[in-house]
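**Q** Take this structure, written in structure tokens, and hold onto it; I'll ask about it next.
Any read-out appearing in this document is the output of simple, stated calculations on the displayed coordinates, not a laboratory observation. Just so it is clear, the structure is predicted and the values come from calculations on it, not from any experiment. Neighbour counts are summed over all protein chains in view; Cβ atoms, including those assigned to glycine, are modelled from backbone coordinates with ideal geometry.
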Amino acid sequence: MARGNQRDKAREANQKKLAAQKKGNQKSGSELARDKEAAAEKMRLKQAAADAKKAEEEAAKVAAAKAAAAKKLAKEEKDAKEKEEKEAKETK
């Protein structure tokens with residue numbers, strides 16, 4: 001009886017091994033190369049889109065910083081002008 005069980009176990013193991021081999025890549029060399037190139041192109045496009053988005057966000061940050069600096073400068077100029085006007089009134 002034990003020998004029959006061993007044979008069944010070996011047969012199952014061999015079937016699993018063959019199934020795993022069949023599961024592997026079934027494409028020829030040129031098909032595989034073409035698919036790899038297509039996947040690589042898709043990833044290059046994705047990366048280019050991500051880089052463009054990153055550059056756009058960076059440009060928005062720079063523009064926001066410039067706007068904030070301009071606003072601060074305008075406020076400082078306004079305050080300086082008001083201070084001069086106040087001093088001019090006090091000296092009169």
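**Q** By a straight-distance test (C-alpha under 23 Å), which lysines pair with K81 as possible cross-link partners, with residues fewer than eight away in the same chain excluded?
**A** Once the sequence-local lysines are set aside, what remains near K81 is K66, K71, K72, K89, K92.
**Q** Using θ = phi - 60° and the Karplus curve 6.51 cos²θ - 1.76 cosθ + 1.60, what whole-Hz ³J(HN,Hα) does each residue of the range 26-34 get, with Gly and Pro shown as x?
**A** With coefficients 6.51, -1.76 and 1.60, one gets 9, 8, 7, x, 6, 5, 5, 5, 5 Hz.
**Q** How many nm is it between the label spots at A88 and K42, if each spot is 7 Å from the Cα in line with the beta carbon?
**A** Between A88 and K42, the simple spin-label model gives 7.0 nm.
**Q** When Rg and Dmax of the Cα atoms in Å is calculated directly from the model, which label among (1) 21.4, 75; (2) 36.8, 121; (3) 17.5, 66 fits?
**A** (2)
**Q** Quick one: Karplus J couplings for the range 54-60, per residue in order, coefficients 6.51, -1.76, 1.60, θ = phi - 60°, nearest Hz, x for Gly and Pro?
**A** With coefficients 6.51, -1.76 and 1.60, one gets 5, 5, 5, 5, 5, 5, 5 Hz.
**Q** Once both axes come from the Cα atoms, what is the angle between helix 2-23 and the longest principal axis of the chain, in degrees from 0 to 90, rounded to 10?
**A** 40
**Q** Calculate the spin-label point distance for D8 paired with A60, positioning each point 7 Å from the Cα along the beta-carbon direction, and give it in nanometres.
**A** In this crude label model, A60 to D8 measures out at 6.5 nm.
**Q** In addition: Could you give each residue of the range 43-50 its phi-based ³J(HN,Hα) in whole Hz, using Karplus coefficients 6.51, -1.76, 1.60 with θ = phi - 60°, and x for Gly or Pro?
**A** Result, rounded to whole Hz: 5, 4, 5, 4, 5, 5, 5, 5.
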